[in-house]
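A short worksheet on the structure shown next.
Each value in this text was obtained by applying a stated rule to the coordinates, not by laboratory testing. Keep in mind that what you see is a predicted model, and the values were worked out from it rather than measured. Neighbour counts are summed over all protein chains in view; Cβ atoms, including those assigned to glycine, are modelled from backbone coordinates with ideal geometry.
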Protein chains: 2
Amino acid sequence: MPDFSADRPLSTPSSGGRTRPAPADDSLDALVRVLDDVRLGRGRSRAELAALTGLGRGVVAERVGQLLERGLLVEEGLGSSTGGRPPRSLRFVDEAGHLLVADVGATGMRVAMTTLGGRLIAHRAEPTDVGLGPEPVLRQVEVLFRALVDAVGSAAPGRLWGIGIGVPGPVEFRTGRPVAPPIMPGWNDYPIREYFADRHHAPVWVDNDVNIMALGELRTGAAAGHENVVVIKLGTGIGAGIVSEGRLHRGAQGSAGDVGHIQVSDDPEVICRCGNRGCLEALAGGAAIARQGEAAARDGRSPWLAATLAEAGRITAADVAREASRGDPVAVDILQAAGRLVGAMLASVVNFFNPSLIVIGGGVAGSGDLLLASIRETVYRRSLPLATRDLAIRLSSLGDLAGVNGAAVMVADQLFSPDVFSRWVDAGSPAGMPDIVA
Amino acid sequence: MPDFSADRPLSTPSSGGRTRPAPADDSLDALVRVLDDVRLGRGRSRAELAALTGLGRGVVAERVGQLLERGLLVEEGLGSSTGGRPPRSLRFVDEAGHLLVADVGATGMRVAMTTLGGRLIAHRAEPTDVGLGPEPVLRQVEVLFRALVDAVGSAAPGRLWGIGIGVPGPVEFRTGRPVAPPIMPGWNDYPIREYFADRHHAPVWVDNDVNIMALGELRTGAAAGHENVVVIKLGTGIGAGIVSEGRLHRGAQGSAGDVGHIQVSDDPEVICRCGNRGCLEALAGGAAIARQGEAAARDGRSPWLAATLAEAGRITAADVAREASRGDPVAVDILQAAGRLVGAMLASVVNFFNPSLIVIGGGVAGSGDLLLASIRETVYRRSLPLATRDLAIRLSSLGDLAGVNGAAVMVADQLFSPDVFSRWVDAGSPAGMPDIVA
């Protein structure tokens, strides 16, 4: 493990003669830019880093030296060279520590231990009910965290450096508290950050489940290399994670992406739990698909769904998706109708936002190509040609793991941001962070 | 005028001993941050600048010294002080040069001369027809530029430092060329930048008319202080400028904000010029409002509009707005219906994007409070409570001048961006920029 108690100042050696650490100044930005380029795999040699950052080669060499001394980078192997001294290859010390992350959904949760770079070491999933309120649900997360730590044992790389949590509702990112979350009774303003920081003495970041899913797809999944992306989660609810020019767009109250309550029908019969009429979620969400499947089972239109109902006592959206993929025409109709409604919403989003990629994920998306085809057909028909000229619409490549992957990305990005990094190095140790961050 | 031929290097004096200008490194970023904070009115003293930038006071003092030497900042007056040496107040030299800007719409254009800070020195407006193609329309802009320059004469501050152009269609910002603009026949890929750069030997930037309008409102108008904003232009067409976390969101092809073609009706009778059915613009754009007004004049429902039709031979959206403000119930109905449709589109946008402010501008918005009231009512009724909790919906405060104001903001932001600034200082003079920028 690197020695973070070193009191080596971050000032540039060439500025010479100072005995105190330098104040936060340009040198910290340069340090973080160099670290990011190696950490995110953009550059591996000092020459590449100089080209990427636009910094002088002397400045890059100094910053690389500081990061090597602190154990955040290592030099290893030998790159190829056409002559002279062979270039050495820089690598981020992914295994310098580990992270604990949780992706809490409405009806299930997944927790994981990852390296600093977000590589999964171990993970577990369990059903949950977010409606039970914060105490029992966070206790369940905490129990799973402890079980993971016990299971991994001494194979865990380094110390715990940070914790990341995703929850199914709007979050004020700065404080890590839910803000009036519609499907999370009792969670409004609950101090999720403090709950885990107090127990683990590590810094904690919290965000919306769809935002962390979008971060996961952006950095390690289907959206890698894209700058303007909309990630749709089709599950019990319907939500979107939005990436604008490479950064998460959270909106003024952190509620951006609440696309489940965009009106897609004038039918006065369809009342949503939000109180409005014709909301997308009320017509095409997981509960709506299950309800339509159960109706088809009861009135005899689908003998396959009727058999499932007789056996299990209820029909879920997953049942409808399974029967559709087996060819039940009624189930196919239900999914295609849902796809067209999701597509109608996305056509508006494409005209407004002009993404280069839409990623479809979440439990309902597990039904795959059938749903994707009807979404695509509607989006391409109803959006402007310029906006769809280079638009791709894909299924999530990370599936159920997008959330925990993204939560790890969120924590690493925050740990190595200029603001947090400066306080963290000054404090001498990551264990000193929670007080600073909170 | 400051002496831009000075070959003073941008390197930090304390790094000593170098005879060549420093390579682009941290010092340039610091220089631009200090300049921006003074230029945009955030800080006026070295102490304020140190607090704002997080840079050390020594670094700030060096950068301020370089900017004073180059004539971009001056020290003037005396700030108040509670003791010791009174602090001197820094000011950006707004009058060090001037800009020429044009806001070209579908049926009218406005050109202006401004200071570097975007203060209007003189402006003129004329009708135009963007459908005539680039050569005649840009020639009209050029004639107006020359007329402005002649009229202002020796009162123009300094030299011409840059040119900014807004056009009513998607633009690839990097090259300044329109990309498949639907209402600009003949303009696709036309080199607007080169047209003016060749004639004026100054750098040129081009963007969509609604994007520059949004920049104007953001920096000097109704949206000042907001981070997440949607600016709607209601004119012949309907478009949106989008601000995400303080920056313009242009989208993957530069076509973000094309909200006129979001579907707001299932009526198969309403065919839009884009070929789709039920587009917002086909139902609530300026042409649609005029058409409905003319129908009401012809079938005798509105004697007031009939009188206008008899006199002028046609009805415009402005005629309908005028009669509505005078109380004609038929004109009021037409405008309210349009407002409800714009509101329905905005309700979706609010759920997706969660802005803290929507600004309504453009010719049709000149009808004022009547239209605003029906837009507001629909948005607040159909969006989620959290997203509208702190949402304001306001009329443009800059009106017809938002475009030219925003074009000046665009040019100044580009001139003083780290990337352009470094090449500009190296080249010794702003007159040397077009080759570098193009």
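Distances between copies of B:G275, taken at a point 7 Å out from Cα along the Cα→Cβ vector and listed shortest first: 4.3 nm. Computed on chain B, the Cα convex hull volume stands at 168 Å³ per residue. Dipole of chain B computed with +1 at Lys/Arg Cβ and -1 at Asp/Glu Cβ about the Cα centre; of B:G186, B:C272, B:A318, farthest Cα towards the positive end is B:A318. Sequentially through segment A:226-242, phi angles give Karplus couplings (6.51, -1.76, 1.60; θ = phi - 60°) of 9, 10, 10, 9, 10, 9, 9, 9, 9, x, 3, x, 10, x, 10, x, 10 Hz, Gly and Pro residues having no value and appearing as x. For chain A, a simple Cβ point-charge model (Lys and Arg +1, Asp and Glu -1, everything else neutral) yields a dipole of about 780 debye relative to the Cα centre. Round to the nearest 10 and give me the degree value, 0 to 90, for the angle of helix B:369-382's Cα axis relative to the longest principal axis of chain B. Helix B:369-382 and the main axis of chain B meet at about 90 degrees. Annotation: extensible slack from A:L120 through A:V143 equals 6.4 nm (criterion: 0.36 nm per residue apart, minus Cα-Cα distance). Do any GluC sites (Glu not before Pro) in segment B:265-299 lie in a loop, going by DSSP, with at most 14 other beta-carbon atoms within 10 Å of their beta carbon, and if so which? In loop regions of segment B:265-299 (DSSP not H, G, I, E or B), the sparsely surrounded GluC sites (Glu not before Pro) are B:E269. Assuming a ≥ b ≥ c are the square roots of the Cα gyration tensor eigenvalues, decide whether segment A:225-397 counts as rounded (a/c under 1.5), prolate (otherwise, with a/b larger than b/c) or oblate. Verdict is prolate for segment A:225-397. For chain B, the longest principal axis of the C-alpha atoms and the axis of helix B:134-152 are separated by about 60°. For segment A:178-188, 3J(HN,Hα) computed residue by residue from phi via the Karplus equation (6.51, -1.76, 1.60; θ = phi - 60°) reads x, 10, 6, x, x, 9, 10, x, x, 8, 3 Hz, glycine and proline entered as x. Projecting the Cα atoms of A:S244, A:G286, A:G343 onto the dipole axis of segment A:225-397, where Lys and Arg carry +1 and Asp and Glu carry -1 at the beta carbon, places A:S244 farthest toward the positive end. Calculate how many DSSP beta bridges within the protein assembly as shown are antiparallel, expressed in % of all such bridges and rounded to the nearest 5. Expressed as a percentage, antiparallel bridges in the protein assembly as shown total about 60. Under the convention that each Lys and Arg Cβ holds +1 and each Asp and Glu Cβ holds -1, the size of the dipole of segment B:225-397 around its Cα centre is about 240 debye.
Take every DSSP beta bridge whose two residues both sit in chain A, then give the antiparallel share in percent to the nearest 5. So the antiparallel bridges in chain A amount to around 60 percent. For A:A290, the shell of other residues with beta-carbons less than 14 Å away shows a net charge of 0, using +1 for Lys and Arg and -1 for Asp and Glu. With neighbours defined as other Cβ atoms within 10 Å of a residue's Cβ, the residues B:T175, A:T115 order from fewest to most as B:T175, A:T115. Near the amide H of B:H98, within less than 5 Å, lie the amide hydrogens of B:R159, B:L160, B:W161, all on another chain or at least 5 residues away, with H placed in the peptide plane. Rounded to the nearest 500, the helix-only mean residue ellipticity at 222 nm of chain B stands at -13000 deg cm²/dmol, with each DSSP H run of n ≥ 4 adding -39,500 (n - 2.57).
Compare the Cα positions of B:G131, B:I334, A:L357 along the charge dipole of the protein assembly as shown (+1 at Cβ of Lys, Arg; -1 at Cβ of Asp, Glu; about the Cα centre) and return the one farthest towards the positive end. Checking the options against the dipole of the protein assembly as shown, the answer is A:L357.
A Cβ-based charge dipole, computed about the Cα centre of the protein assembly as shown with Lys and Arg at +1 and Asp and Glu at -1, lands at about 940 debye. Here's how it looks for B:E172: its modeled amide H is under 5 Å from those of B:R177, B:V179, which are all 5 or more places away or on a different chain. Seen against the Cα atoms of chain A and their longest principal axis, helix A:26-39 is set at about 60 degrees. For A:N405, neighbours were defined as the other residues whose beta-carbon sits under 12 Å from its Cβ, and their charges (Lys and Arg +1, Asp and Glu -1) total 0. A point 7 Å from Cα along Cα→Cβ stands in for B:E194, and the other copies hold the same point at 6.3 nm, listed in rising order. For segment A:290-298, backbone phi angles converted through the Karplus equation (6.51, -1.76, 1.60; θ = phi - 60°) give residue-by-residue couplings of 4, 4, 5, x, 5, 4, 5, 6, 6 Hz, Gly and Pro being listed as x. Taking Cβ atoms as reference points and 12 Å as the exclusive limit, the residues near A:L357 contribute a net charge of -2, counting Lys and Arg as +1 and Asp and Glu as -1. Across the copies of the chain, A:G71 has label points (7 Å from Cα along Cα→Cβ) spaced 5.6 nm apart, shortest distance listed first.
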